[in-house]
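> Dumping the structure here so I can ask a few things about it.
The values are calculated or read from the model by the stated rules, or taken from the named source; none is laboratory data. On a predicted model such as this, the values are computed, not experimentally measured, just so you know. So basically every Cβ, Gly included, is an ideal-geometry build from the backbone, and we count neighbours across all protein chains shown.
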Amino acid sequence: MNKNKKTNNQERKTKVPALNFMQVAGVAAILAGLCFIVVGLFHQENVPASVTTATWVNVHIFAIFMGFLGLFGMAGIHARQAEKSGWLGLIGYLLFSVWLMFIIPFSFIEAFILPGLATELPAYVAGFLGMFTGIPSAIDLGILPTFWKISDPMYLLGPLLFGIATFRAGVLPRWAGGVFILGSTLAPVGALLVSPEFQSLVMVPNGVALAWLGYALFSERREKASKFLVDQGALMPEPGKVA
């Protein structure tokens with residue numbers, strides 16, 4: 001009897017952190033998705049004149065949060081559907097997560113370093129922004145352009161593969177995966193057909209998809225957490241519902 005009681009206590013201790021992790025990851029994904037949308041809607045054109053504006057700084061601060069929150073949120077989303085999403089989901093998750101990791105240092109430089117260099121070292125600012133616009137830099141930027149070239153296909157393939165895996169897995173909302181696919185498809189089209197000042201808008205669908213999946217994860221885990229508490233006698237079931 002004592003052995004069974006000990007086993008039950010261990011199971012309870014395991015379930016509670018797992019539920020909490022998924023809920024927090026869901027909230028992180030929602031916030032990361034909202035940051036994606038803010039960056040997509042308000043990102044200015046990559047020209048030196050933009051760097052000294054308050055909008056430029058604020059957008060890239062949002063991008064920093066987008067990176068950190070997105071990493072945690074994506075970890076929870078992938079963990080929830082890993083069994084069904086398979087290798088395709090894993091590859092998409094890794095590619096997208098590495099892209100989010102790259103975004104953090106690049107956005108930090110754009111928010112806190114470039115504005116201070118705009119007057120003193122305009123050639124460096126122009127060269128840094130040239131990585132995004134395809135304009136060759138007049139100064140040596142070291143390994144930064146290589147990192148950015150590596151990250152570009154990650155942004156296209158990561159959400160695309162993850163979206164396909166999410167749609168096929170059917171664990172979380174399929175159409176959120178479909179929005180990821182849409183966002184990945186629009187990105188190269190936008191780069192070719194949309195004028196530079198509006199190209200960031202192609203980030204909005206991926207933000208919607210990430211927030212949607214985060215909300216689904218959070219609400220799902222909140223229901224399971226409530227049921228768990230009812231089962232343990234810590235919470236009374238709602239009238240008319242059977243625990």
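> Given the residues L161, L156, which is the only one that is assigned to a helix (DSSP H, G or I), aliphatic (A, V, I, L, M) and under 28 Å from S219 (Cβ atoms)?
L161 is the lone residue from the list that is assigned to a helix (DSSP H, G or I), aliphatic (A, V, I, L, M) and under 28 Å from S219 (Cβ atoms).
> Kindly evaluate L100 against the criterion of being over 20 Å from A211 (Cβ atoms) and either at pLDDT 95 or above or hydrophobic (A, V, I, L, M, F, W, C) (or both).
Answer is no for this residue.
> Against the condition surrounded by fewer than 23 Cβ atoms within 10 Å (Cβ to Cβ), modelled with pLDDT under 85, small (G, A, S) and touching a helix residue (DSSP H, G or I) at 6+ places or on another chain (Cβ under 8 Å), how does A225 come out, does it pass?
Spelling it out, A225 is indeed surrounded by fewer than 23 Cβ atoms within 10 Å (Cβ to Cβ), modelled with pLDDT under 85, small (G, A, S) and touching a helix residue (DSSP H, G or I) at 6+ places or on another chain (Cβ under 8 Å).
> How many residues does the range 120-163 contain that are touching a residue at least 60 places away in the same chain (Cβ under 8 Å) and polar (S, T, N, Q)?
Of the residues in the range 120-163, 1 are touching a residue at least 60 places away in the same chain (Cβ under 8 Å) and polar (S, T, N, Q).
> Output yes when any residue across the range 70-84 is on the phi > 0 side of the Ramachandran plot, part of a helix (DSSP H, G or I) and surrounded by fewer than 16 Cβ atoms within 10 Å (Cβ to Cβ), and no when none is.
Checked against the condition, which is being on the phi > 0 side of the Ramachandran plot, part of a helix (DSSP H, G or I) and surrounded by fewer than 16 Cβ atoms within 10 Å (Cβ to Cβ), the range 70-84 yields no hits at all.
> Scanning the range 164-186 for residues that are hydrophobic (A, V, I, L, M, F, W, C) and touching a Pro at 6+ places or on another chain (Cβ under 7 Å), which turns out surrounded by the most Cβ atoms within 10 Å (Cβ to Cβ)?
Step by step, filter the range 164-186, then rank; the result is F180.
> What pairs come up if the first residue lies in the range 43-61 and is within 14 Å of P196 (Cβ to Cβ) and without any contact (Cβ under 8 Å) to a residue 12 or more places away in the chain, the second is part of a loop (DSSP other than H, G, I, E, B) and of a type in the set (A, V, I, L, M, F, W, C), and their beta carbons are under 9 Å apart, counting only those six or more places apart or on different chains?
A49/A118
> Report, by residue number, each residue of the range 164-179 that is among the small types (G, A, S) and either part of a helix (DSSP H, G or I) or under 14 Å from the mean Cα position of the chain (by Cα) (or both).
Within the range 164-179, A165, A169, A176, G177, G178 qualify.
> Restricting to the range 153-163, count the residues that are buried (at least 16 other Cβ atoms within 10 Å of the Cβ) and either of a type in the set (A, V, I, L, M) or over 14 Å from the mean Cα position of the chain (by Cα) (or both).
5
> Restricted to the range 94-146, and to residues that are outside any helix (DSSP H, G or I) and among the β-branched types (V, I, T), which residue is surrounded by the fewest Cβ atoms within 10 Å (Cβ to Cβ)?
I143
> Is it true that G178 is farther than 15 Å from A32 by Cα, of a type outside the set (D, E), touching a helix residue (DSSP H, G or I) at 6+ places or on another chain (Cβ under 7 Å) and modelled with pLDDT of 90 or more?
yes
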